[in-house]
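Here is the structure we will look at.
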Amino acid sequence: MKYKIEKYLLKKTDELAFITLKADGDFKIKGYDIPAEGLDVPIKNEVLVKGIKDKTAQESLNSMSIADAMIYIMGIDSTFKYNEEYDKFIEALAKGLDLDLKAYMGYMSNKYFEIGEYTDSLIYMKSLVNKYPEDVNGLYHYAIICQQIAEQYKKDEDAKAVNDFLLDALDKLERVINIDPNFGLAYYQLGYHYYNQDQYIKSKLTWEEALKLDLDDDIVAEIQDNLGKMDYKVQYEEGYTLVLSGKCEEGLEKLLPLEDEFPDWWNLLFMIALGYKGMADIENAQKYFEKILVLRPTQVDTLVEMGLLEAQEYNLEGAIEYFEKAAKLRKEDPEILCNLGMAYFNNGNMDDAAYYIERAYELDPMDEVTNACLRELNKYR
């Protein structure tokens, strides 16, 4: 099973020490043979320290302490070199003690979760889902813990970590419903993941599926409330999807009715403008792009689109003005620089054309459009 968050757990190995069990030593586990070369086994530092303080170090190094630390490191690092051997060890121990390993891992995860030690909680649950990859309850709780940790990273403004933990949660929730299509809480959680990724249609369908399943009344009411509030976002997504797929007229039928209620929603105005542009209605496209620039004078994509429309209308001075504004705001963007260079080229200014097109090529020498522009420029030099 793949994990996006493992790198954030590896520092927890600092909380472990290792001792070597010898094949001919006194330590024995029924049903398990220590390898002839011996085996390096982990023990939690806190267990080791406690044993030393209590002058019972030998007693602290019992089989269950070692097995617990093995479970812990297997939860930290799914590729640790001794994981296969450790699994044999804990299986033999569990059999001898009549211990339910899954229940133990779940108990330890819940214990740490309840006291706010979410990383330790995740480590035990990760060990559980590694060993029992079809366990839907384990996968679901793994996702919940990931979401909790993501909230912590959000407070630290670590966007990369937030994203990694949320994507891992999303992956495990999707595994849950693939294994058990009747797991209502997974649909409930997934609806929020899709919603937060601006996948409103997918969120709506997921929540509607959740309503068909067995959920508490308060969760049902919450989902129904969410569905009512997101109708306009679903309509927006349906509209822009149609526009981007070339069905501009159908897309505008979805998007235009939203303008009266959301006249300052620049994303909506942008998609309406693209819809008109796709229908070759340059006048209306420009009108909507201009509305955006009133609201957001530095919206770079809108400046680029206005430049392209001006160039299409053979107003090269106007095109250059828009592209230059965009280039100052988004420095070293090869697409903008290439557009600016071609505007200068078509306006007869070969020196500036060469400067910007060559700079675009330096930034992205593999871009086909830039290469085509450079070949065209070279014909006139």
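The values are calculated or read from the model by the stated rules, or taken from the named source; none is laboratory data. Please read these numbers as outputs of a predicted model, since none were measured by experiment. With ideal geometry, Cβ positions are generated from the backbone for all residues, glycine too; neighbour counts draw on all protein chains shown. To get the accessible areas, we keep the full protein, side chains included, count just its heavy atoms, and leave off ligands, DNA and RNA. Shrake-Rupley method; radii C 1.70, N 1.55, O 1.52, S 1.80 Å.
Of note:
- Residue identified as of a type in the set (A, V, I, L, M), under 25 Å from the mean Cα position of the chain (by Cα) and surrounded by 19 or more Cβ atoms within 10 Å (Cβ to Cβ) among LEU252, LEU244, LEU268: LEU268
- Among the conditions (1) touching a residue at least 12 places away in the same chain (Cβ under 8 Å); (2) under 19 Å from GLN312 (Cα atoms); (3) surrounded by fewer than 16 Cβ atoms within 10 Å (Cβ to Cβ), the only one that GLY348 does not satisfy is (1).
- For PHE113, the conditions (1) buried (at least 19 other Cβ atoms within 10 Å of the Cβ); (2) in a loop (DSSP other than H, G, I, E, B) are fulfilled apart from (2).
- Residue match in segment 187-195 (condition: part of a loop (DSSP other than H, G, I, E, B), open to solvent by 60 Å² or more (accessible area, probe 1.4 Å) and touching a residue at least 24 places away in the same chain (Cβ under 8 Å)): no
- Taken together, the criteria exclude SER63 from residues that are touching a Phe, Trp or Tyr at 6+ places or on another chain (Cβ under 6 Å) and open to solvent by less than 50 Å² (accessible area, probe 1.4 Å).
- Condition met for VAL176 (in a helix (DSSP H, G or I) and open to solvent by less than 20 Å² (accessible area, probe 1.4 Å)): yes
Matching residues to (1) in a loop (DSSP other than H, G, I, E, B); (2) in contact (Cβ under 8 Å) with a residue 12 or more places away in the chain; (3) not charged (D, E, K, R):
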position: TYR322; (1), (2), (3): no, yes, yes
position: LYS325; (1), (2), (3): no, yes, no
position: LYS328; (1), (2), (3): no, no, no
position: ILE336; (1), (2), (3): no, yes, yes
position: ALA354; (1), (2), (3): no, yes, yes
position: GLU362; (1), (2), (3): no, no, no
position: ASN371; (1), (2), (3): no, no, yes
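- Flag for ILE292 being assigned to a helix (DSSP H, G or I), under 31 Å from the mean Cα position of the chain (by Cα), surrounded by 21 or more Cβ atoms within 10 Å (Cβ to Cβ) and not hydroxyl-bearing (Ser, Thr, Tyr): yes
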